[in-house]
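*Asks:* This is the structure I want to talk about, given as structure tokens.
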Amino acid sequence: MNWALRFLRSSIGLKLVMAVSGVVLFGFVLVHMIGNLQVYMGPTLLDEYGVWLRALGHGAALWVARGVLLAAAVAHVWSAYCLTRLNQKARPEGYRERMNRESTLASRTMRWSGVVVLVFIIYHLLHFTIGTVHPNFVHGAVHQNFVVGFRVIWVSAFYMIATLLLGLHLYHGVWSMLQTVGLSHPRYDLMRKRAAAAFAALVTLGNLSFPLAVLTGVVR
Amino acid sequence: MSAGKTMNLTLHVWRQPSGTSQGRFVTYPAPDISPDMSFLEMLDVVNERLIAKGEDPIAFDHDCREGICGMCGMMINGQAHGPRRATTACQLHMRSFEDGDTITIEPWRATAFPVVKDLVVDRNAFDRIIAAGGFVSTHTGSAPDGNAIPVPKTAADQAMDAAACIGCGACVAACPNASAMLFTSAKVSHLGLLPQGQAERDQRVLKMVATMDEEGFGTCTNHGECEAACPKEIRLEFIARMNRDFIRAGLRNRGERAGSGGTG
Ligand code: HEM
Ligand code: FES
């Protein structure tokens, strides 16, 4: 096991931890967004979906998924922290002038978008899963919790800001991940950035629509 | 670019007498500069004038002055080797600037590249990465027959692209993380792509990456600044290739230490 530890603690190994945990988290946000789209298909579907999820695999599936997601989140944040430390130590003294040519807003703000998303995830769990920061949380009444929760305008605003930042994070993250795991070919390299943009846009637009739908009365 | 017309510039130059002393920016007027001079020739003229006044000239690295040795290199207005793509500082001409411009000149900044003096940095870390695995073991008897080992055209082309790296360090300088992954990946790839480089392929990538890490370079976050700064246009795809090689070598050499073995 020693070799594995040494491998994972190398610069590329740490990047791999970040990429693989990122893929797990990315898979989750996509499925989570698609699951929530059921809110547009009537007031009972989301509640039934919740019952189904909690019963899946005799109730084990949800906890397995939560375990995997927690592990991925911890691995992702831990590797992000280690790599950020390494990078800061690699250039303690900066330039007086510096012009960026190729990097993007998304690539330069990964740490900040990541931290905001982390805070958001914690808030989101307290809001819709545990219910402690929800004005009127009723366990199992998913649809009603959703509508009541998003009627609070500043809560909706925070959700939308976090969603936009997650979009930025995913836009750079997806293509960065492909590069990290070594998926590159001159013929497909342009496609990688487009695919990253499309995925990020899909997740962002889907998630943005939920608070907007409640605020505009489309979902009630 | 009319002949005889000269430019008046103002330079802000990083001056630091030695690696252990404090540095600071010093402003120098640079009048009567020909647009046909290279950037280094412009610095030569400024230095001549400094020497005439009895001042210490600005130290900078250079050798071939034709864009092939990789010795020159400095941050010019926040860009490694200055504003022109695919151009070393020695091949940059003053016609790339405007009369009246202010130019800020700084050394490469990285923990792994300590300043020696003014704009000169110590890039021996690159040599140590090469020494860790940037070679092939070969029979040194009589000259082999030409084309005795067939090399596929695509591999030869890609290896050639990677081998264009002159090791100037612009990638490290331009990278927001001071990462040396573009350099290391070029050196890993140009041998790893060729049949002659297969015997040591796994050990090469493991050892070169280990040395790169030990030298205190940062890690790639795929900004792409290195690719944009590279005077030889080494592509980011080589970093993906190195990652691929590193993962494969790591899995294939489980239990072995990256440092042991070698070329016997
Ligand atoms: C739903 C949540 C998240 C998803 C889906 C996600 C996804 C990703 C992906 C796919 C990558 C690319 C990995 C690579 O470079 O190869 C990445 C990178 C990164 N993530 Fe996340 N991430 C999430 C949350 C976070 C959080 C909470 C943080 C920090 C607190 C964070 C910080 C970072 C950083 C610093 C990078 C490296 C950026 C780079 O390589 O340029 N992420 N993320
Ligand atoms: S002096 Fe040789 S590349 Fe510029």
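The values are calculated or read from the model by the stated rules, or taken from the named source; none is laboratory data. Source: prediction; values computed, not measured. Every residue, glycine among them, receives a Cβ derived from its backbone with ideal geometry; neighbour counts consider all protein chains shown. Calculation scope for accessible area: heavy atoms of the full protein, side chains included, ligands and nucleic acids excluded. Shrake-Rupley method; radii C 1.70, N 1.55, O 1.52, S 1.80 Å.
*Asks:* For chain A, with a Gaussian network of springs between Cα atoms less than 10 Å apart, report the residue from A:N136, A:N87, A:N100 with the top mean-square fluctuation.
*Replies:* Judging by the Gaussian network model, the answer is A:N100.
*Asks:* What is the calculated FRET efficiency for A:L5 to A:T216, with r their C-beta to C-beta distance and R₀ = 45 Å, to the nearest 0.05?
*Replies:* That gives a FRET efficiency of 0.30.
*Asks:* Quick check for you: with a 1.4 Å probe and neighbouring chains kept, what is the accessible area per residue of the range B:7-116, in Å²?
*Replies:* That works out to 43 Å² for each residue.
*Asks:* Which percent of Cα-Cα pairs in the range B:33-165 sits in each 5 Å bin, short to long?
*Replies:* Pair shares across the bins are 2, 8, 13, 18, 16, 12, 9, 7, 7, 4, 2, 1, 0.
*Asks:* Which whole number in µm²/s is D for chain B by Stokes-Einstein, with the Kirkwood Rh taken over Cα pairs at 10 °C and 1.306 mPa s?
*Replies:* 79 µm²/s
*Asks:* Something else about it: What accessible area, in Å² to the nearest ten, does a 1.4 Å probe give for B:C171?
*Replies:* 20 Å²
*Asks:* Indicate the helices, whole DSSP H runs only, in chain A that combine a mean Kyte-Doolittle hydropathy of -0.5 or more with a Cα extent along their long axis of 30 angstrom or more.
*Replies:* Taking the DSSP H segments of chain A (at least 30 Å long, mean hydropathy at least -0.5), we get A:11-36, A:60-90, A:153-180, A:189-215.
*Asks:* Show A:W3, A:W78, A:W52, A:W112 ordered by accessible area, largest first, where the area counts protein heavy atoms only and the probe is 1.4 Å.
*Replies:* The ordering from most to least exposed comes out as A:W112, A:W52, A:W78, A:W3.
*Asks:* Still on this model: Can you give the angle from 0 to 90° between the axis of helix B:181-192 and the longest principal axis of chain B, with both taken from C-alpha atoms, to the nearest 10?
*Replies:* Its long axis makes an angle of about 40 degrees.
*Asks:* Accessible area of chain A with a 1.4 Å probe: how many percent of it is carbon plus sulfur?
*Replies:* Taking all protein chains in place, chain A shows 73 percent carbon and sulfur surface.
*Asks:* Based on Cβ point charges of +1 for Lys and Arg and -1 for Asp and Glu, what charge dipole magnitude is obtained for the range A:84-189 about its Cα centre, in debye rounded to the nearest 20?
*Replies:* Around 320 debye, computed over the range A:84-189.
*Asks:* Rg to Rh for the range A:1-136: what is it, with Cα atoms only and Rh by Kirkwood?
*Replies:* 1.07
*Asks:* Oh, and also: Taking H placed 1.01 Å from N in the peptide plane, check which residues at least 5 places from B:V121 or on another chain put their amide H under 5 Å from its amide H.
*Replies:* B:V116
*Asks:* Test of understanding: in a Gaussian network model of chain A with alpha carbons linked when under 10 Å, which of A:A61, A:A197, A:A19 would top the mean-square fluctuation ranking?
*Replies:* Highest fluctuation among the options: A:A61.
*Asks:* Got a sec? Which residues of the range A:1-41 lose 10 Å² or more of accessible surface with every protein chain in place, vs. that chain alone, 1.4 Å probe?
*Replies:* Flagged in the range A:1-41: A:W3, A:R6, A:F7, A:S10, A:S11, A:I12, A:K15, A:L16.
*Asks:* Hey, another quick one. Any idea what the relative contact order of the range A:19-127 is, in percent, if you count C-alpha pairs under 8 Å spaced at least 6 apart?
*Replies:* 27 percent
*Asks:* Do the alpha carbons of any pairs in B:K207/B:K232; A:K15/B:K187; B:K53/B:K117; A:K15/B:K153; B:K117/B:K187; B:K53/B:K232 sit beyond 30 Å of each other, and which pairs?
*Replies:* Listed pairs above 30 Å: A:K15/B:K153; B:K53/B:K232.
*Asks:* Using +1 at the Cβ of each Lys and Arg and -1 at the Cβ of each Asp and Glu in the protein assembly as shown, identify which of A:F150, A:T163, B:V116 lies farthest towards the dipole's positive end.
*Replies:* Projecting each Cα onto the dipole axis, the largest value belongs to A:F150.
*Asks:* To continue, here is another question. Charges only on Cβ, +1 for Lys and Arg, -1 for Asp and Glu: so what's the dipole of the protein assembly as shown about the Cα centre, in debye to the nearest 20?
*Replies:* I would put it at about 1560 debye.
*Asks:* How far is it, in nm, from the label point at B:R252 to the one at A:L208 when both lie 7 Å from their Cα along the line to the Cβ?
*Replies:* So the two model labels end up 4.6 nm from each other.
*Asks:* Any chance you could give the angle, 0 to 90 degrees and rounded to 10, that helix B:39-52 forms with the longest Cα principal axis of chain B?
*Replies:* 50 degrees
*Asks:* Let me know the charge dipole size of the range B:7-116 about its Cα centre in debye, to the nearest 20, where only the beta-carbon of Lys, Arg (+1) and Asp, Glu (-1) is charged.
*Replies:* 360 debye
*Asks:* On the accessible surface of chain B, probed at 1.4 Å, how many percent belong to carbon and sulfur atoms?
*Replies:* 50 percent
*Asks:* Between A:H124 and A:A55, 0.36 nm times their residue separation minus their Cα-Cα distance comes to what?
*Replies:* Once the chain is fully extended between A:H124 and A:A55, it gains 22.6 nm.
*Asks:* Could you provide, to the nearest whole Å², the per residue accessible area of the range A:115-220 with probe 1.4 Å?
*Replies:* Dividing the accessible area of the range A:115-220 by its residue count gives 51 Å².
*Asks:* Which residues in the range B:107-143 place their backbone N less than 16 Å from a point set 7 Å from the Cα of A:R101 along the Cα-to-Cβ direction?
*Replies:* Of the residues in the range B:107-143, B:108-109 have backbone N under 16 Å from the label point off A:R101.
*Asks:* For B:F25, list long-range residues whose amide hydrogen, built 1.01 Å from N in the peptide plane, is under 5 Å from its own amide hydrogen.
*Replies:* B:R15
*Asks:* Another question, if that's okay. GNM on chain A, C-alpha springs below 10 Å: top fluctuator among A:V119, A:V181, A:V23?
*Replies:* Between A:V119, A:V181, A:V23, it is A:V119 that shows the largest mean-square fluctuation.
*Asks:* Relative to the longest principal axis of the C-alpha atoms of chain B, give the angle of the C-alpha long axis of helix B:201-214, reported between 0 and 90° and rounded to the nearest 10°.
*Replies:* It works out to around 40 degrees.
*Asks:* How many angstrom lie between the C-alpha centres of the range B:150-169 and the range A:111-178?
*Replies:* Measuring centre to centre over Cα atoms gives 48 Å.
*Asks:* Could I ask something else about it? Once amide H atoms are placed 1.01 Å from N in the peptide plane, what residues at a sequence separation of 5 or more from B:L11, or on another chain, have their amide H within under 5 Å of its amide H?
*Replies:* B:Y28, B:A30, B:I103
*Asks:* Divide by every residue of the protein assembly as shown the summed helix terms, -39500 (n - 2.57) for each DSSP H run of at least 4, and state the resulting mean residue ellipticity at 222 nm, rounded to the nearest 500 deg cm²/dmol.
*Replies:* -16500 deg cm²/dmol
*Asks:* Next question. Which of the residues in the range B:214-228 lose at least 50 Å² of accessible area when you go from the chain alone to all protein chains together (probe 1.4 Å)?
*Replies:* Buried by the other chains: B:T219, B:N222, B:H223, B:E225.
*Asks:* Please give the length that would be gained between B:D44 and B:H139 if that part of the chain were fully extended, namely 0.36 nm times their separation in residues minus their C-alpha to C-alpha distance (nm, one decimal).
*Replies:* This chain segment gains 29.7 nm when fully extended.
*Asks:* Also: Show me you know the interface measure: the accessible area buried between B and A, both chains summed, probe 1.4 Å, in Å² to the nearest 100.
*Replies:* 4000 Å²
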